[in-house]
Amino acid sequence: QVQLVESGGGLVQTGGSLRLSCAASGRSFSNFPMGWFRQAPGKEREFVAAIRWSATTYYSISVKGRFTISRDNAKNMVYLQMNSLKPDDTAAYFCAAAREIFTDVFKVLSYDYWGQGTQVTVSS
């Protein structure tokens, strides 16, 4: 059974940093895209960042230059380093994994497995 488990969320002040981790189990995702999405109350789930097996990375415009996605294939882990956090970054953050190598990494429907989410709250 595939499981994705996020950790590392919390409460941080504006300008602070957090590092989210996602541990995958049940199968290896080393050849497949993994991504981070977020969802604020009353809003749709939105793309944050993604990384392919080749280590090619993608970011939303709102986080580019502040967030960094990385992966450790040996450990079946993916990370999201978040710096210069803003109140607008407040949301539940979800880790996701796809089963298609060349899928469109920006779309929610491209991902087959999801974690339960971890809350990030940025105070002003």
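Every number here is computed from the coordinates shown, using simple stated rules; none is lab data. Note that the coordinates shown come from a computational prediction; the quantities given were computed from them, not determined experimentally. FYI the Cβ positions are ideal-geometry reconstructions off the backbone, even for glycines, and counts take in every protein chain you see.
Summary of values
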item: Output for segment 1-39, where each listed residue is of a type in the set (G, A, S) and over 14 Å from the mean Cα position of the chain (by Cα); result: G10, G15, G16, S17, S25, G26, S28, S30
item: Boolean, S54 is part of a loop (DSSP other than H, G, I, E, B), surrounded by 13 or more Cβ atoms within 10 Å (Cβ to Cβ), over 13 Å from the mean Cα position of the chain (by Cα) and of a type in the set (S, T, Y); result: no
item: Test: residue in segment 16-34 that is loosely packed, with under 13 Cβ neighbours inside 10 Å, at positive phi and without any contact (Cβ under 8 Å) to a residue 12 or more places away in the chain; result: no
